[in-house]
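Input: a single structure, listed below in C-alpha coordinates.
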Amino acid sequence: MTVRGLEDHRLTVARLSKLGTVAVTFSFQLTGVPLSKLKPLTPTQRNERLRASLKRQLDLLARRFPNAALRSRAPGRGSWTLDGTLPANQIRSLASRPEVSCLSITTIAGRSRRRRPTKDGWFCVWGVVAVQVEGQRSGNVTVEDRLVLVKAFDAQDAVNCLRPEWERYAEPYLNPKGQLVRWKLVGIQDVYEVYDESFSPKGAEVYSRLRTVRMKPEYEWKALRSEPKQRWQRTARSGIRDRARLKRKP
(Lines give C-alpha, C1' and ligand atoms only; values in the text may rest on other atoms or scores of the structure.)
Protein backbone atom coordinates (compact mmCIF):
# COMPACT_ATOMS: atom_id res chain seq x y z
CA MET A 1 0.00 0.00 0.00
CA THR A 2 1.38 3.38 -1.03
CA VAL A 3 -0.26 6.67 -0.01
CA ARG A 4 1.52 9.84 -1.08
CA GLY A 5 0.95 13.43 -0.04
CA LEU A 6 0.30 12.77 3.65
CA GLU A 7 3.54 14.45 4.65
CA ASP A 8 2.22 17.71 3.18
CA HIS A 9 -0.50 17.60 5.86
CA ARG A 10 1.72 16.28 8.67
CA LEU A 11 -0.21 13.01 8.71
CA THR A 12 0.34 9.27 8.55
CA VAL A 13 -2.14 6.70 7.25
CA ALA A 14 -3.15 5.87 10.81
CA ARG A 15 -3.67 9.51 11.76
CA LEU A 16 -5.61 10.11 8.56
CA SER A 17 -8.04 7.33 9.44
CA LYS A 18 -8.73 9.04 12.78
CA LEU A 19 -10.14 12.07 10.95
CA GLY A 20 -13.29 10.02 10.42
CA THR A 21 -15.71 11.34 7.79
CA VAL A 22 -13.60 14.32 6.73
CA ALA A 23 -13.66 14.48 2.91
CA VAL A 24 -10.42 13.61 1.13
CA THR A 25 -9.89 14.08 -2.61
CA PHE A 26 -7.33 11.86 -4.31
CA SER A 27 -6.06 10.27 -7.49
CA PHE A 28 -4.55 6.85 -8.01
CA GLN A 29 -3.06 4.53 -10.60
CA LEU A 30 -4.62 1.19 -11.48
CA THR A 31 -2.41 -1.88 -11.52
CA GLY A 32 -3.26 -2.93 -15.07
CA VAL A 33 -2.47 -6.38 -16.43
CA PRO A 34 0.57 -8.59 -15.73
CA LEU A 35 3.08 -8.26 -18.54
CA SER A 36 3.38 -12.05 -18.82
CA LYS A 37 -0.25 -12.23 -19.95
CA LEU A 38 0.17 -9.54 -22.59
CA LYS A 39 3.45 -10.63 -24.16
CA PRO A 40 2.01 -13.45 -26.33
CA LEU A 41 -0.50 -11.04 -27.92
CA THR A 42 -0.08 -8.60 -30.79
CA PRO A 43 0.25 -4.88 -29.91
CA THR A 44 -3.37 -4.26 -30.92
CA GLN A 45 -4.60 -7.19 -28.85
CA ARG A 46 -2.51 -6.04 -25.89
CA ASN A 47 -4.00 -2.56 -25.98
CA GLU A 48 -7.55 -3.89 -26.26
CA ARG A 49 -7.09 -6.32 -23.39
CA LEU A 50 -5.34 -3.73 -21.24
CA ARG A 51 -8.01 -1.08 -21.78
CA ALA A 52 -10.78 -3.59 -21.09
CA SER A 53 -9.03 -4.59 -17.86
CA LEU A 54 -8.71 -0.96 -16.74
CA LYS A 55 -12.45 -0.46 -17.30
CA ARG A 56 -13.24 -3.63 -15.33
CA GLN A 57 -11.04 -2.49 -12.47
CA LEU A 58 -12.83 0.87 -12.43
CA ASP A 59 -16.24 -0.84 -12.38
CA LEU A 60 -15.18 -3.16 -9.55
CA LEU A 61 -13.86 -0.31 -7.41
CA ALA A 62 -16.90 1.85 -8.18
CA ARG A 63 -19.16 -0.94 -6.82
CA ARG A 64 -16.90 -1.47 -3.80
CA PHE A 65 -16.74 2.27 -3.01
CA PRO A 66 -19.98 3.74 -4.40
CA ASN A 67 -19.61 7.01 -2.46
CA ALA A 68 -16.15 7.67 -3.93
CA ALA A 69 -17.55 9.06 -7.22
CA LEU A 70 -14.59 7.56 -9.08
CA ARG A 71 -13.86 9.25 -12.41
CA SER A 72 -11.66 8.00 -15.23
CA ARG A 73 -9.51 10.57 -17.00
CA ALA A 74 -10.27 8.85 -20.31
CA PRO A 75 -13.72 7.28 -19.93
CA GLY A 76 -13.97 6.14 -23.54
CA ARG A 77 -10.75 4.16 -23.78
CA GLY A 78 -9.99 3.35 -20.16
CA SER A 79 -7.45 5.33 -18.16
CA TRP A 80 -4.67 4.33 -15.79
CA THR A 81 -5.54 7.26 -13.51
CA LEU A 82 -8.75 7.71 -11.52
CA ASP A 83 -9.90 10.63 -9.36
CA GLY A 84 -12.37 10.59 -6.49
CA THR A 85 -13.40 11.64 -2.99
CA LEU A 86 -13.83 9.52 0.13
CA PRO A 87 -14.09 9.96 3.90
CA ALA A 88 -10.67 9.89 5.53
CA ASN A 89 -11.42 6.64 7.35
CA GLN A 90 -11.89 4.78 4.04
CA ILE A 91 -8.65 5.81 2.32
CA ARG A 92 -6.62 2.97 3.84
CA SER A 93 -9.17 0.42 2.61
CA LEU A 94 -9.09 1.80 -0.95
CA ALA A 95 -5.28 2.07 -1.06
CA SER A 96 -5.00 -1.56 0.07
CA ARG A 97 -7.02 -2.92 -2.85
CA PRO A 98 -5.07 -5.09 -5.35
CA GLU A 99 -6.41 -2.94 -8.21
CA VAL A 100 -4.75 0.18 -6.73
CA SER A 101 -1.07 0.78 -7.47
CA CYS A 102 -0.39 4.13 -5.82
CA LEU A 103 -2.77 6.65 -4.23
CA SER A 104 -1.97 10.36 -3.94
CA ILE A 105 -3.80 12.71 -1.60
CA THR A 106 -4.90 15.95 -3.28
CA THR A 107 -6.84 17.82 -0.57
CA ILE A 108 -8.21 17.20 2.94
CA ALA A 109 -11.24 19.25 3.93
CA GLY A 110 -10.43 21.79 6.63
CA ARG A 111 -6.66 21.28 6.39
CA SER A 112 -4.14 23.26 4.38
CA ARG A 113 -0.97 21.91 2.90
CA ARG A 114 2.20 22.52 4.82
CA ARG A 115 4.23 25.27 3.22
CA ARG A 116 7.64 23.77 2.74
CA PRO A 117 10.69 26.00 3.03
CA THR A 118 12.42 26.90 -0.18
CA LYS A 119 15.04 24.27 -0.82
CA ASP A 120 17.81 24.28 -3.35
CA GLY A 121 18.35 21.19 -5.47
CA TRP A 122 20.88 19.71 -7.83
CA PHE A 123 21.00 20.77 -11.48
CA CYS A 124 23.16 19.48 -14.29
CA VAL A 125 24.20 22.25 -16.67
CA TRP A 126 25.31 21.25 -20.15
CA GLY A 127 27.76 23.83 -21.41
CA VAL A 128 29.36 23.90 -24.85
CA VAL A 129 33.01 24.90 -24.60
CA ALA A 130 35.23 25.85 -27.55
CA VAL A 131 38.97 25.18 -27.27
CA GLN A 132 40.18 28.48 -28.71
CA VAL A 133 43.77 28.65 -29.95
CA GLU A 134 45.48 31.98 -30.52
CA GLY A 135 45.62 32.81 -34.22
CA GLN A 136 43.37 29.97 -35.42
CA ARG A 137 40.55 31.24 -37.65
CA SER A 138 39.89 28.27 -39.96
CA GLY A 139 39.98 24.49 -40.05
CA ASN A 140 38.66 22.23 -37.33
CA VAL A 141 38.23 23.26 -33.73
CA THR A 142 37.77 21.06 -30.68
CA VAL A 143 34.49 21.53 -28.84
CA GLU A 144 33.76 20.08 -25.41
CA ASP A 145 30.33 19.11 -24.07
CA ARG A 146 30.84 19.81 -20.36
CA LEU A 147 28.21 18.71 -17.83
CA VAL A 148 28.52 20.38 -14.43
CA LEU A 149 26.50 19.64 -11.28
CA VAL A 150 25.52 22.63 -9.15
CA LYS A 151 23.17 23.36 -6.26
CA ALA A 152 20.60 26.01 -7.16
CA PHE A 153 16.98 27.11 -6.65
CA ASP A 154 16.00 26.77 -10.31
CA ALA A 155 17.46 26.42 -13.81
CA GLN A 156 18.30 30.10 -14.23
CA ASP A 157 19.93 30.24 -10.81
CA ALA A 158 22.02 27.21 -11.80
CA VAL A 159 23.31 29.07 -14.87
CA ASN A 160 24.06 32.17 -12.80
CA CYS A 161 25.86 30.22 -10.07
CA LEU A 162 28.27 28.70 -12.60
CA ARG A 163 29.46 31.99 -14.14
CA PRO A 164 32.56 32.17 -11.93
CA GLU A 165 33.34 28.54 -12.75
CA TRP A 166 33.14 29.18 -16.52
CA GLU A 167 35.45 32.20 -16.11
CA ARG A 168 37.95 30.11 -14.16
CA TYR A 169 37.72 27.35 -16.76
CA ALA A 170 38.55 29.84 -19.53
CA GLU A 171 41.81 31.08 -18.00
CA PRO A 172 44.43 31.07 -20.83
CA TYR A 173 47.54 28.90 -20.81
CA LEU A 174 50.39 28.22 -23.24
CA ASN A 175 50.43 25.10 -25.41
CA PRO A 176 53.70 23.36 -26.43
CA LYS A 177 53.89 25.68 -29.49
CA GLY A 178 53.81 28.78 -27.33
CA GLN A 179 50.26 29.71 -28.40
CA LEU A 180 47.68 30.96 -25.96
CA VAL A 181 44.79 28.52 -25.47
CA ARG A 182 41.55 28.91 -23.55
CA TRP A 183 38.51 26.69 -23.00
CA LYS A 184 35.72 29.22 -23.40
CA LEU A 185 32.00 28.70 -22.83
CA VAL A 186 30.14 29.52 -26.05
CA GLY A 187 26.64 28.45 -25.00
CA ILE A 188 24.38 26.63 -22.55
CA GLN A 189 22.81 23.68 -24.33
CA ASP A 190 20.51 22.50 -21.55
CA VAL A 191 19.82 22.54 -17.80
CA TYR A 192 18.56 19.31 -16.25
CA GLU A 193 17.04 19.09 -12.77
CA VAL A 194 18.39 16.04 -10.95
CA TYR A 195 15.52 14.32 -9.14
CA ASP A 196 17.53 11.48 -7.60
CA GLU A 197 19.83 13.24 -5.13
CA SER A 198 21.03 10.08 -3.41
CA PHE A 199 23.99 9.70 -5.81
CA SER A 200 24.30 6.02 -5.04
CA PRO A 201 27.64 4.33 -5.84
CA LYS A 202 25.54 1.80 -7.76
CA GLY A 203 24.53 4.51 -10.22
CA ALA A 204 22.61 7.78 -10.28
CA GLU A 205 21.11 9.68 -13.20
CA VAL A 206 22.51 13.20 -13.49
CA TYR A 207 21.41 13.99 -17.04
CA SER A 208 18.95 12.64 -19.58
CA ARG A 209 17.87 13.89 -23.01
CA LEU A 210 15.40 12.37 -25.45
CA ARG A 211 15.90 12.72 -29.19
CA THR A 212 14.61 11.13 -32.38
CA VAL A 213 17.05 9.41 -34.74
CA ARG A 214 16.81 7.17 -37.78
CA MET A 215 16.24 3.50 -36.98
CA LYS A 216 19.29 1.23 -36.90
CA PRO A 217 19.51 -2.53 -36.34
CA GLU A 218 20.87 -2.03 -32.83
CA TYR A 219 17.84 0.12 -31.93
CA GLU A 220 15.28 -2.54 -32.86
CA TRP A 221 13.29 -4.36 -30.20
CA LYS A 222 14.53 -7.92 -29.85
CA ALA A 223 12.59 -10.22 -27.55
CA LEU A 224 14.56 -11.61 -24.62
CA ARG A 225 14.44 -15.28 -23.72
CA SER A 226 13.37 -14.54 -20.17
CA GLU A 227 12.13 -11.36 -18.52
CA PRO A 228 11.17 -10.69 -14.90
CA LYS A 229 7.45 -10.58 -14.12
CA GLN A 230 6.15 -7.04 -13.89
CA ARG A 231 3.07 -4.99 -14.44
CA TRP A 232 2.43 -3.30 -17.79
CA GLN A 233 2.65 0.29 -16.55
CA ARG A 234 4.13 3.58 -17.56
CA THR A 235 7.44 4.15 -15.83
CA ALA A 236 9.82 7.04 -15.50
CA ARG A 237 12.51 7.11 -18.10
CA SER A 238 16.03 6.54 -16.90
CA GLY A 239 19.47 6.07 -18.35
CA ILE A 240 23.15 6.69 -17.72
CA ARG A 241 25.36 7.95 -20.48
CA ASP A 242 29.09 7.42 -20.51
CA ARG A 243 30.60 10.41 -22.30
CA ALA A 244 34.23 10.65 -23.34
CA ARG A 245 35.92 13.65 -21.70
CA LEU A 246 38.52 15.93 -23.20
CA LYS A 247 41.48 16.50 -20.91
CA ARG A 248 42.91 19.95 -20.51
CA LYS A 249 46.57 20.26 -21.25
CA PRO A 250 48.65 21.43 -18.33
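The values are calculated or read from the model by the stated rules, or taken from the named source; none is laboratory data. All values reported here derive from a predicted model rather than from experimental measurement. Note that we place each Cβ from the backbone using ideal geometry, even for glycine, and neighbour counts take in every protein chain shown.
Some notes on this structure:
- Taken together, the criteria place residue 111 among residues that are within 16 Å of residue 22 (Cβ to Cβ) and modelled with pLDDT under 90.
- Count of residues meeting criterion [surrounded by fewer than 13 Cβ atoms within 10 Å (Cβ to Cβ) and not charged (D, E, K, R)] in the stretch 37-50: 5
- Scanning the stretch 19-33 for residues that are surrounded by 13 or more Cβ atoms within 10 Å (Cβ to Cβ) and not polar (S, T, N, Q) gives 19, 22, 23, 24, 26, 28, 30, 32, 33.
- Among the conditions (1) hydrophobic (A, V, I, L, M, F, W, C); (2) closer than 23 Å to residue 130 by Cβ; (3) not in a strand (DSSP E or B), residue 186 misses just one, which is (3).
- Residues within the stretch 1-50 that are within 27 Å of residue 223 (Cβ to Cβ), under 25 Å from the mean Cα position of the chain (by Cα) and not in a loop (DSSP other than H, G, I, E, B), tallied: 6
- Residue among 219, 192 that is among the aromatic types (Phe, Trp, Tyr) and surrounded by 12 or more Cβ atoms within 10 Å (Cβ to Cβ): 192
- Test: residue in the stretch 206-222 that is in the same structural domain as residue 157 (by TED's automatic domain parsing), among the aliphatic types (A, V, I, L, M) and farther than 30 Å from residue 141 by Cβ: yes
Here is a yes/no grid of residues against (1) outside the structural domain of residue 192 (by TED's automatic domain parsing); (2) of a type in the set (Ser, Thr, Tyr):
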position: 47; (1), (2): yes, no
position: 55; (1), (2): yes, no
position: 62; (1), (2): yes, no
position: 75; (1), (2): yes, no
position: 85; (1), (2): yes, yes
position: 98; (1), (2): yes, no
position: 143; (1), (2): no, no
